[in-house]
1. Among the listed residues B:243, B:281, B:287, which satisfies the condition of being within 17 Å of residue B:109 (Cα to Cα) and in contact with a helix residue (DSSP H, G or I) (Cβ under 9 Å, 6 or more places away or on another chain)?
2. Scan the range B:155-187 for residues that are more than 13 Å from chain A (Cβ to nearest Cβ), more than 18 Å from residue B:103 (Cα to Cα) and crowded, with 17+ Cβ neighbours inside 10 Å and report the count.
3. Scanning the range B:242-256 for residues that are more than 10 Å from chain A (Cβ to nearest Cβ) and within 13 Å of residue B:101 (Cβ to Cβ), which turns out farthest from the chain's Cα centre (by Cα)?
4. In the range B:251-264, is there at least one residue being in a helix (DSSP H, G or I) and more than 30 Å from residue B:67 (Cα to Cα)?
5. Considering only residues that are under 15 Å from residue A:161 (Cβ atoms) and more than 7 Å from chain B (Cβ to nearest Cβ), which ones fall in the range A:136-151?
6. Being modelled with pLDDT of 85 or more and within 13 Å of chain A (Cβ to nearest Cβ), is that true of even one residue in the range B:224-241?
7. Are any of the residues in the range B:203-212 within 14 Å of chain A (Cβ to nearest Cβ) and either modelled with pLDDT under 85 or in a helix (DSSP H, G or I) (or both)?
């Protein structure tokens, strides 16, 4: 957001260039994501009411009414305020989990590339296992039996999609070893950790970032699905999914409780897909 | 060829064994089923009797061996709620879930692949752009939002279709529609890109240059080659179908295995959850095996490679 603002004042020609380079839909996606990040960061400042503040005299007030832009829910809590807080919670979970899964998967991929043999087979068997159970089913079992907590939820979501990073980083690391620059550093006496972190990682980073744009929306959908089923984020904390889940009971009388968060989920995943596709075309060396 | 299938089969068995172990470890280590089922205020002697009855006092490895042995005899234990065999509870729910997932898969294949292929053959046309946009929307809408919106429109506002239950074929329409949308989007997008890639290959140019009709080029040269990546994605979709069934059955109160899973998970009915995990994992593994075998049939290169060994 700030980078764009300075661009406008500093160099108008840059704006024109950006407009040509960035398709309209992608620009829209970027703007929406900017808005979401802004909302998540400044949630406490822009929230008109407290999330748990009830007003029993104003229950199920419709949207666009004075004081409650998006209406209120069954306890008279302001839907907009809850939506803002939910955006923060859902984005924080998805962001943490994406980083975790990228870290975990890339590490395993590099380990497989470095040691080959038994380690590689073990990691492949783990990936098979992950593929054999739909992730939602796996998480349902784990969450319901350990009880749902924020830490467990982020940790669990952090297992989502690790096999994708593992596969990519293993493949890229093996081909990097064959390209000569990695073996050249090994010949110079570098330790494996240095080879992987300083030489191979920067070369495969763009591909990994592109896969993060694939994982991120999927994690948002997974978390909201779990929360919708009542097994993800627990009240009084709210997330986009559990707002839809609770709003479902008031579907006929107060559909706005559910439509707001549903709209935000859709727009966010849509924006990330659009931006991710565009980034893939720009960054990914494997499809060039 | 035989070698290829044997390796696949071995890995499939290994995967199922892993899932069994996972289910056992997670479910047993996570809490004490005796105090959950009998309540925190239950007298100690009835808790002790319960633990002895279900073998909960043995060391874990002993419980595990007993577990493996009973599964080998197709005995998945007894539901802790109503004492009926877990496998029966699960199997009696399977037809209801199949009644949703099979039509869904057929619709996804029947709509998604033709749409994607048509879009690929008419690139940059209005139809192509339409297919791309619709498919992106299709897989960014979460199934629970789709389901609730459909209920809001067709059941609440228009009153055309029932919103939940399983009394007539009309009850299945909204759940099947909800589940189909995402898969159609994925398949359309995937078959479009597979087809575009194939159409750019030199052998297509050759086929056209030698004067084959457009239809022959598409049906005999392009489609068979594009089918390999499409089959791969269909294998993956079986998993999302089952996961989708969990959400959709819970929205539309459809008495299938998805709802059974959620109910037994919240009741901590260990035997039923373990049985469900195994049934679902087996279904997935079998689906993936079918995909692997389909490769063998679809891809002559694989046959040739296997014959050379």
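1. B:287 is the lone residue from the list that is within 17 Å of residue B:109 (Cα to Cα) and in contact with a helix residue (DSSP H, G or I) (Cβ under 9 Å, 6 or more places away or on another chain).
2. Qualifying residue count for the region: 1.
3. Of everything passing the filter in the range B:242-256, B:254 is farthest from the chain's Cα centre (by Cα).
4. Looking through the range B:251-264, at least one residue is in a helix (DSSP H, G or I) and more than 30 Å from residue B:67 (Cα to Cα).
5. A:138, A:139
6. Scanning the range B:224-241, I find at least one residue that is modelled with pLDDT of 85 or more and within 13 Å of chain A (Cβ to nearest Cβ), so the answer is yes.
7. no
Residue-by-condition table, conditions (1) farther than 21 Å from residue B:265 by Cβ; (2) part of a loop (DSSP other than H, G, I, E, B):
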residue	(1), (2)
B:46	yes, no
B:52	yes, no
B:56	no, yes
B:63	no, no
B:71	no, no
B:74	yes, yes
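The values are calculated or read from the model by the stated rules, or taken from the named source; none is laboratory data. Quick caveat: nothing in here was measured; it's all calculated off a predicted structure. When we count neighbours, we look across all protein chains shown, and the Cβ atoms used for this are built from the backbone with ideal geometry, even at glycine.
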